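Notes follow the structure.
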Amino acid sequence: MKHDNTSSPVVITLDAGGTNFVFGAMRDGVAIGESLTLPSSAHDLDLCLGTLIRGFEQIIASLDTKPAAISFAFPGPADYRNGIIGGYLPNFPSFRDGVALGPMLEEHFGIPVYINNDADLFAYGEAMGGALPRINRRLEEEGSAKRYRNLLGYTLGTGFGFGFVMDGKLNMGDNSCVESFCLKHRDHPEYIIEDGAAIRAVKRVYRELSGDERELEPRDIFDIAEGNAEGDAASARESFATLGRVAGDAIATAVTLMDGVVVIGGGLCGASKYFMPALLEEMRATIKTMSGDIINRVQMEVYNLDDDAEFKAFARGNSRKIKVYGSQREVVYDSQKRIGVTISDIGASRAVSLGAYLYAVENRKRGQ
């Protein structure tokens, strides 16, 4: 189907996986036309780059207008500002020595190309068109004057991804290296946290606790936890709770430094009923000072924004009127510092695509 673009830009998108590339196009943050799936051939650089060009060419050929940009996420470390992919890339070994992917695509297609980390685009999509505006709309509906501008986004799936948006701007750091996967594991500080907060962690912990040597995926373990499949239900539930504690430890550190609402997405979120209580408990934990005082680890009250009663308390805060000294005027003072945690309601894939689209549109406006 042909598409006319008279009012808003079309951006070409890509879901870059180690097995397949899924190409598409978006306008106004909505997918248009049919997507195209091609094998990524990630082991062979020439084949992989040829596939990328062929896929983008086929999507562009289906449009009635020249797209404004290409924008997509690419897994792993990179110099994203300059569009260079390289470093430790388990799923794209042929890129490890450094590939100027963005400049190559810009030269071939003659349009701007934006490449970002998938977790960064997840956070950006949630901040601009997902969790953050949803939370602020509901605060308004509840009659609260409180509004949030900062968002920390986490993806729980194959890895433990992280992105941060401050006041509408994606924080890419000075080295395109805003990461969370390599923090210390809460229970095993000699290991990275991703080994405790990803799909492989759920599988390993269930196997260790239950002694069940079957090759089970998190979906299978969730069914066991629900009592819908054969296995050790208590161990299944604890495998998700362990992930919650490990992730909660990292999130508590980050939110203390960055102070914003937290949104979680990714393939493991279907089991949030089992990991969210442990995650929140970890964030609400206390810590001691050397003088013996006990203080909250996170210096804000932490609310579960997916619980209706907690959201109402979150919206209410601790507002009261105080007098302005030397006058009859009164102002509202809310003394409670607070943040909230929510599960993405648009899903990680949609948030990443939306983030890619909006990032391209915004940077195009700025001439960047």
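The values are calculated or read from the model by the stated rules, or taken from the named source; none is laboratory data. Here the structure is a predicted model, which is why all the values come from computation and not from measurement. In this analysis, Cβ positions are derived from the backbone assuming ideal geometry, glycine residues included, and neighbour counts consider all displayed protein chains.
Anything in region 263-291 that is within 20 Å of G161 (Cα to Cα) and polar (S, T, N, Q)? List them, or say none. Within region 263-291, S272 is the sole residue that qualifies.
Residues of region 105-154 that are assigned to a strand (DSSP E or B) and farther than 30 Å from I60 by Cα: N150, L151, L152, G153, Y154.
Here Y148 fits the description: surrounded by 14 or more Cβ atoms within 10 Å (Cβ to Cβ) and over 16 Å from the mean Cα position of the chain (by Cα).
Where strands (runs of 3 or more DSSP E) sit wholly within region 241-358, those with at least 3 residues that are touching a strand residue (DSSP E or B) at 6+ places or on another chain (Cβ under 8 Å) and surrounded by 16 or more Cβ atoms within 10 Å (Cβ to Cβ) occupy 261-265, 301-304, 338-343. Would you confirm, using the coordinates I've provided, whether A31 is in contact (Cβ under 8 Å) with a residue 12 or more places away in the chain and surrounded by 22 or more Cβ atoms within 10 Å (Cβ to Cβ)? Considered against the rule, which asks whether it is in contact (Cβ under 8 Å) with a residue 12 or more places away in the chain and surrounded by 22 or more Cβ atoms within 10 Å (Cβ to Cβ), A31 comes out as no. So, M128, is that one farther than 25 Å from G159 by Cβ, out of contact with any strand residue (DSSP E or B) (no Cβ under 6 Å at 6 or more places or on another chain) and at pLDDT 90 or above or not? Taking the combined requirement at face value, the residue does not satisfy it.
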